[in-house]
């Protein structure tokens, strides 16, 4: 006959105490304004670093504009420019690191932004960035398919011909309506899965799945505020794209820094923070150790 067991027994279903589920706060429009203000302060504090990190955006925009004009694929100019919003969260990784360092009262330099590569979750960041890149490519292909469905395969003769087609015909207005609607869906997906995913991976060393789920929970808890944030991002990107994309050199770092502060406002601090491990010190070797240096697992005694 079995007898009851007495003693200190740890229940098998007891959750681990070292893994804290992110606590999502309720935020409003004043929090968005404050995040933008703090992002602007970060940009003013490290403007040269932000410009260095983001100069690829206006350069890429100018290259795309020239390529589109030269190869008669004008219909792709707007989808390519609008697609920057899909890749922006990943492109701003270095900006999150700069804001994190300033928040902790540390000195921030251009090289500090590169330290994001040392994050234990950089592989997860790269994976989510690849997902956003696939979303960007799919959006461009979809936009091209919509244009072909409306106007066929014949390209525009020039810029004036393209503008006339789009703005003065019923097919053009239909193209604008459908294209903007489909583009909105792509932007909505990107916003929902990445609104705070990259800052969370940098701060908490979370995996891509956990970060995306947290972003989705955040959107579900703050739908109106996050929708307003998406509109702000879209409006600022359009504003930055107007002068030949050069304004993105200011708009992109501003949004990158502001996204970090938005993350801080909406996600409660981790009670068990996990700092980035220190950079390992390399052992100095002399030239005489050349053959042995190729086999670091061998002991110096040759055993």
Exercise. For region 169-254, rounded, prolate or oblate, judged on the Cα gyration tensor with a ≥ b ≥ c (square roots of eigenvalues), a/c < 1.5 rounded, else prolate if a/b > b/c?
Worked result: oblate
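Output the peptides 202-213, 86-97 sorted from most to least packed, where packing is the average of other Cβ atoms within 10 Å over each peptide's residues. Spell out each step's value before the answer.
Values: 202-213: 19.5, 86-97: 23.0.
Taking the mean over residues of other Cβ atoms within 10 Å, the ranking is 86-97, 202-213.
Coordinate-derived values only; no laboratory data. Because the structure is a prediction, the values reported are computed rather than measured. Here the Cβ is made from the backbone with ideal geometry for all residues, glycine too, and neighbour counts use every protein chain on show.
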